Amino acid sequence: MTETVEAPRLAPWRERMHEVIFEADTPAGKAFDVVLLILIAGSIVAVMLESVPEIAADANWVLALHIAEWTFTGLFAIEYALRMNCVRRPLRYARSFYGIIDLLAILPAFVSLLIPGSQSFAVVRAVRLLRAFRVFKLAHFLTEASSLRRAMVASWPKIAVFLMTVLVLIVIVGSAMYVIEGPESGFTSIPTSVYWAVVTITTVGYGDIAPQTALGKAVASMMMIMGYALIVVPTGVLSAEMAKSSPAKPVSTQACPDCGAEGHDADAKFCRACGGKL
């Protein structure tokens, strides 16, 4: 007979820390998450300002943003360490979606010491703003997101076949346009012609390359009309899957004390990721 070995209980102070950091059902937990969201938004604004030429040319602004970036990075590093410390299974949390995002939020600043400019990748912190759904009691949005995710997974095989067909069509039409128009009209190679086909069939139409011959214009016209017809296919497939799917169960805002996983059913007793008791 095999017995289920439960993870050891956390020390009282670690349980309290888990409640503050991972839960939003208490005043302290909600205050922590609201402050965290403000810091995330501030760090994203700082990263965006660094890319503005007028600001990048001002030494005072550069110094201020540099200090701000390292301050945000230090605070996020402390927060990441606290999260790892107050879950029973830190490695499982580190491999989870939010665990990886939390780590990526602090890595760009350190990588920029070796690769200048890589700090711009810190905008990945924007993903952490998804926690706002849990913080502000918007669990019903999480429920709808779960329904959408299941519909996308179910419809993926059909959409993959559709995309493969479109890809083959784009390669064929792009190659034909290279033969029809040639370098004189800007179709200097088959890859360039395939790029034109992608831009055309998606109805974007940059206009940097355009056919000049009557036959080329006819092919382009068919591609444009076909593009409008193809737009509705993925939408229809996804809509059909959503209509067939059963209503999603209500999702709670509780985080697992073992691995930090979220998005459990409202009546769940055990974690869907690690099996730990909620």
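The values are calculated or read from the model by the stated rules, or taken from the named source; none is laboratory data. Remember, predicted model here, so these are calculated numbers, not experimental data. As a convention, Cβ positions derive from the backbone with ideal geometry for all residues, glycine included, and neighbour counts pool all protein chains shown.
So if I check each of Leu63, Leu82, which one is without any contact (Cβ under 8 Å) to a residue 60 or more places away in the chain and assigned to a helix (DSSP H, G or I)?
Residue meeting the stated conditions: Leu63.
Is there any pair linking a residue in the range 144-161 that is among the charged types (D, E, K, R) to one that is at pLDDT 70 or above and surrounded by 15 or more Cβ atoms within 10 Å (Cβ to Cβ), with Cβ under 7 Å and at least six apart or on different chains, and which?
Qualifying pairs under 7 Å: Lys158/Val237.
Specify the residue that is surrounded by the most Cβ atoms within 10 Å (Cβ to Cβ); the eligible residues are those in the range 150-177 that are farther than 28 Å from Lys217 by Cα and aliphatic (A, V, I, L, M).
Ala151
Considering every residue within the range 48-59, establish whether at least one is on the phi < 0 side of the Ramachandran plot, surrounded by 14 or more Cβ atoms within 10 Å (Cβ to Cβ) and small (Gly, Ala, Ser).
Checked the range 48-59: no residue is on the phi < 0 side of the Ramachandran plot, surrounded by 14 or more Cβ atoms within 10 Å (Cβ to Cβ) and small (Gly, Ala, Ser).
Conditions tested, residue by residue: (1) more than 24 Å from Cys259 (Cα to Cα); (2) modelled with pLDDT under 85; (3) under 27 Å from the mean Cα position of the chain (by Cα).
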{"position": "Thr4", "(1), (2), (3)": "no, yes, no"}
{"position": "Val20", "(1), (2), (3)": "no, yes, yes"}
{"position": "Phe32", "(1), (2), (3)": "no, no, yes"}
{"position": "Gly42", "(1), (2), (3)": "yes, no, yes"}
{"position": "Glu54", "(1), (2), (3)": "yes, no, no"}
{"position": "Leu63", "(1), (2), (3)": "yes, no, no"}
{"position": "Ala68", "(1), (2), (3)": "yes, no, yes"}
{"position": "Ala109", "(1), (2), (3)": "yes, yes, yes"}
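Kindly indicate whether any position in the range 71-92 is more than 29 Å from Glu15 (Cβ to Cβ), out of contact with any strand residue (DSSP E or B) (no Cβ under 7 Å at 6 or more places or on another chain), surrounded by 14 or more Cβ atoms within 10 Å (Cβ to Cβ) and at pLDDT 80 or above.
yes
Can you go through Val198, Val233, Val204 and tell me which one is under 30 Å from the mean Cα position of the chain (by Cα) and in a loop (DSSP other than H, G, I, E, B)? Break it down stepwise before answering.
Numbers: Val198 fails: in a loop (DSSP other than H, G, I, E, B); Val233 fails: in a loop (DSSP other than H, G, I, E, B).
Sole residue among the options that is under 30 Å from the mean Cα position of the chain (by Cα) and in a loop (DSSP other than H, G, I, E, B): Val204.
Quick check on the range 107-121. Is at least one of its residues on the phi < 0 side of the Ramachandran plot, part of a loop (DSSP other than H, G, I, E, B), surrounded by 15 or more Cβ atoms within 10 Å (Cβ to Cβ) and not acidic (Asp, Glu)? Even if it seems obvious, please write down each step before you answer.
Here is the first cut: in the range 107-121, the ones on the phi < 0 side of the Ramachandran plot are 107-116, 118-121.
Narrowing the set further to residues that are part of a loop (DSSP other than H, G, I, E, B) leaves 112-116.
Filter again for surrounded by 15 or more Cβ atoms within 10 Å (Cβ to Cβ), leaving 112.
From what is left, the residues that are not acidic (Asp, Glu) are 112.
Yes: the range 107-121 contains one or more residues that are on the phi < 0 side of the Ramachandran plot, part of a loop (DSSP other than H, G, I, E, B), surrounded by 15 or more Cβ atoms within 10 Å (Cβ to Cβ) and not acidic (Asp, Glu).
Which pairs turn up if I take residues in the range 200-211 that are within 17 Å of Gly182 (Cβ to Cβ) and look for partners that are outside any loop (DSSP other than H, G, I, E, B) and among the charged types (D, E, K, R) with beta carbon separation below 9 Å, at least 6 apart in sequence or on another chain?
Ala210/Lys217; Pro211/Lys217
How many of the residues making up the range 18-47 are surrounded by fewer than 18 Cβ atoms within 10 Å (Cβ to Cβ) and in a loop (DSSP other than H, G, I, E, B)?
Of the residues in the range 18-47, 2 are surrounded by fewer than 18 Cβ atoms within 10 Å (Cβ to Cβ) and in a loop (DSSP other than H, G, I, E, B).
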